[in-house]
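Please read through the structure below; I'll follow up with questions.
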Amino acid sequence: QVKEKGRDAIEFFNVDMADKVSRQLVMEGELHRALEDNQFELFYQSKICAKTDKVVGAEALLRWRHPERGLVSPVEFIPILETSGLILDVGQWVIEEACRQLQIWHEMGVWEEGMKLSINISPRQFRRQAFVDDVAKILHHIPIPEKSLDMEITEGVVIHNVEEAISTLTTLTSMGISFSLDDFGTGYSSISYLKRLPVSTLKIDRSFIRDISYDRSDRVLVETIITMGRLLDLNVIAEGVEDKEQVEILKGFNCDYYQGFLFCKPLMVEDFQQLLISEQKSLQQLG
Ligand code: C2E
Ligand code: MG
Ligand code: MG
Ligand code: MG
């Protein structure tokens, strides 16, 4: 009887695995076509200055508009892009698209000086030999405003070769690009890398912000990260801010910037543009 059950369990496991693998293969094929057929889009979520409540920039977030399934979350397809290597081409598209959009908003006069657009760079993309050259080529063709591009990286870019990562970061920094350490606090060696990596911003991972109102140890962690960031001359941004109570707590810790649904969900390009235009109008009324 036990044996019987055991065998069933194994068979169930295999079917499940096979199912998962075949779904991934289907998706991989679809993702190949997605790039050719222009099914990728960037959504934009604003970043807010804690002191002035103004939009100081945005993060570009990749979306896949699947012909039948509609909008697909990056959580579902980024891992497949990464294992298949497709992330290299898609990542390149993301940089180009973000720069094109940046240039458009700059020409429209809605991209204020000092505002930054952040794009997410996957470790595999960052570690590629040609990465610096590819970025340089894009910046050569698309003249974006000075110091308006920021790249969000995770500790994953550093793990294999710290020296190489530092050299890539340094070269790109000299080209006017700034760097943010994304999902900060979730990796292993964050603190030891921090003092060596030329990054300008720490993004406190959403998981620490989520329970900040009722979890004392999360509050302690967040306050410590913010204090450490200030001592190291880094900007600190809290991601995943969803309610006013979280904002009050973060204000008490002197957090520099917020990003989260409370202020703005990731918006399609047209909607985000409207937001920039109305932001611009309210600035003009003030000045
Ligand atoms: P991330 O870079 O940490 O991006 C933040 C994620 O948190 C986004 O999810 C955003 O929609 C979500 N978020 C923002 N505010 C809130 C909030 O208040 N509450 C909650 N619950 N969520 C919030 P999204 O857009 O699904 O992206 C997920 C991840 O996919 C990103 O995490 C990033 O790691 C990856 N990703 C997105 N776009 C790209 C891209 O162009 N290239 C690469 N390599 N990865 C990307
Ligand atoms: Mg990010
Ligand atoms: Mg993040
Ligand atoms: Mg994240």
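The values are calculated or read from the model by the stated rules, or taken from the named source; none is laboratory data. The structure displayed is predicted, hence computed values, not measured ones. Please note: Cβ atoms are built from the backbone with ideal geometry, for glycine as well, and neighbour counts cover all protein chains shown. Accessible surface areas use protein heavy atoms only, side chains included; no ligands, DNA or RNA. Shrake-Rupley method; radii C 1.70, N 1.55, O 1.52, S 1.80 Å.
Across region 87-96, in residue order, what do the Karplus-derived ³J(HN,Hα) couplings come to in whole Hz, using 6.51 cos²θ - 1.76 cosθ + 1.60 with θ = phi - 60° and x for Gly and Pro?
Values, residue by residue: 4, 5, 6, 5, x, 4, 4, 4, 5, 4 Hz.
A further question follows. Name the residues whose placed amide hydrogens come within less than 5 Å of the amide hydrogen of residue 57, ignoring near sequence neighbours (fewer than 5 apart) on the same chain.
47, 116
Would you mind getting me the FRET efficiency between residue 65 and residue 277? Use the beta-carbon distance for r and R0 = 22 Å, nearest 0.05. Walk me through the intermediate numbers first.
Working: r = 24 Å, r/R0 = 1.09.
Result of the calculation: an efficiency of 0.40.
Write down the accessible area per residue of the chain in Å², having rolled a 1.4 Å probe over the full set of protein chains. Don't skip to the end; give the middle numbers.
Working: 15630 Å² over 287 residues.
Normalised by residue count, the accessible surface of the chain is 54 Å².
Could you tell me how many degrees, from 0 to 90 and to the nearest 10, lie between the Cα long axis of helix 162-174 and the main elongation axis, the longest principal axis, of the Cα atoms of the chain?
Around 40 degrees separate the two axes.
What whole-number distance in Å separates the alpha-carbon centres of region 104-155 and region 173-234?
21 Å
Something else: State, as an integer percentage, the relative contact order of region 52-117 based on alpha-carbon contacts under 8 Å between residues 6 or more apart.
Values: 34 pairs, mean separation 26.6, N = 66.
In percent, rounded to a whole number, it is 40.
Let me know the shape class of region 242-287, please: from the alpha-carbon gyration tensor, a ≥ b ≥ c as square roots of the eigenvalues, rounded when a/c is under 1.5, otherwise prolate if a/b is greater than b/c, or oblate.
On the way: a/c = 3.26, a/b = 1.52, b/c = 2.15.
It comes out oblate by the Cα gyration axes.
Next question. Return the subset of 116/244; 116/195; 137/244; 20/244; 51/147 for which the Cα-Cα distance in this structure is over 32 Å, preserving the input order. Don't skip to the end; give the middle numbers.
Values: 116/244 25 Å; 116/195 23 Å; 137/244 43 Å; 20/244 40 Å; 51/147 22 Å.
Table pairs above 32 Å Cα-Cα are 137/244; 20/244.
Using Cα pairs closer than 8 Å and at least 6 residues apart in sequence, work out the relative contact order for region 238-287, in percent. Please report the intermediate quantities before stating the final value.
Values: 23 pairs, mean separation 18.9, N = 50.
Value for region 238-287: 38 percent.
Carbon and sulfur together cover what percent of the accessible area of region 48-108 at a 1.4 Å probe radius? Could the numbers behind the result be given before it?
Numbers: 1490 of 2770 Å².
Here it works out to 54 percent.
Amide H neighbours of residue 202 under 5 Å, counting only residues 5+ apart in sequence or on other chains, H built in-plane at 1.01 Å?
Hits under the 5 Å cutoff: 181, 235, 236, 237.
Cα centroid distance between region 255-278 and region 13-59, in Å?
Result: 18 Å between the Cα centres.
Ok, one more. For the chain, what does the relative contact order come out to in percent, with C-alpha contacts under 8 Å and a separation of six or more?
Numbers: 394 pairs, mean separation 49.4, N = 287.
Value for the chain: 17 percent.
Which of rounded, prolate or oblate describes region 129-287 when judged by the alpha-carbon gyration tensor and an a/c cut-off of 1.5? Walk me through the numbers before you get to the answer.
On the way: a/c = 2.09, a/b = 1.10, b/c = 1.90.
Oblate is the answer for region 129-287, as a/c is 1.5 or above yet b/c matches or exceeds a/b.
Using only DSSP helix segments of four residues or longer, with each worth -39500 (n - 2.57), what per-residue ellipticity at 222 nm results for the chain after dividing by its residue count and rounding to 500?
After summing the helix terms and dividing by residue count, I get -17000 deg cm²/dmol.
Counting other C-beta atoms within 10 Å, and keeping those with at most 15, which DSSP coil GluC sites (Glu not before Pro) do you find in region 116-185? Intermediate results must be reported in sequence, preceding the final value.
Numbers: sites: 146, 152, 155, 163, 164; in loops: 146.
Those that pass, being in a loop and sparsely packed, are 146.
Sorting check: for 104-116, 36-48, which peptide has the highest mean count of neighbouring beta carbons within 10 Å, and how do the rest follow?
Order by mean packing, descending: 36-48, 104-116.
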